[in-house]
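Readers should treat all values here as calculations from the given coordinates under stated rules, not as data from a laboratory. Only a predicted model underlies this, so the values are computations on that prediction, with no experimental measurement involved. As a convention, Cβ positions derive from the backbone with ideal geometry for all residues, glycine included, and neighbour counts pool all protein chains shown.
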Amino acid sequence: MSSANSYVSRLVIMWKQARLPWRQQIFVGSDLYGNEYYESNRLINGRKKRTVEMKEKKPLGEYNSDSLPVQWQSWLRHTRHEPPTAEVFSLD
C-alpha cells in the first residue's frame, strides 16, 4: 500500500471515529471480514444503540449469526462493554 493510500485511510478512520455532537453514529471498529461497527448517540432503554454495517449486502433473510465474529456479537448485545481490539484476534 502506498503512503498516500495509507494516509487517506487513516484520515477516513479518524473522521468516522470523531465524536461530534451532531453525528448520529460513531465508528467503533471493523472485523477481519470488512464489516463495520457503529455506536449511536441515541439511548434505547438506557443503553447506546449498536449496529453493524455488513460488507456484503444481502437480503435480510440470508444473514445468519455465523457471519459475525463472537467477540463482536457480544459487543452488539451489550454483554461486552468495550469493543474488541486487534489483539483479541491475534494467534500468538
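Calculate the FRET efficiency for residue 10 and residue 63 from the Cβ-Cβ distance with a Förster distance of 41 Å, rounded to the nearest 0.05.
Details: r = 30 Å, r/R0 = 0.73.
Between residue 10 and residue 63 the formula returns 0.85.
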Search the structure for amide H atoms under 5 Å from the amide H of residue 49, placed 1.01 Å from N in the peptide plane, and list their residues when 5 or more places away or on another chain. 40, 42, 44
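Sort region 33-86 into rounded, prolate or oblate with this rule: let a ≥ b ≥ c be the square roots of the eigenvalues of the Cα gyration tensor; rounded if a/c is under 1.5, and if a/c is not under 1.5, prolate when a/b is larger than b/c, oblate otherwise. Each step should come with its number before you reach the end.
Values: a/c = 1.89, a/b = 1.43, b/c = 1.33.
It comes out prolate by the Cα gyration axes.
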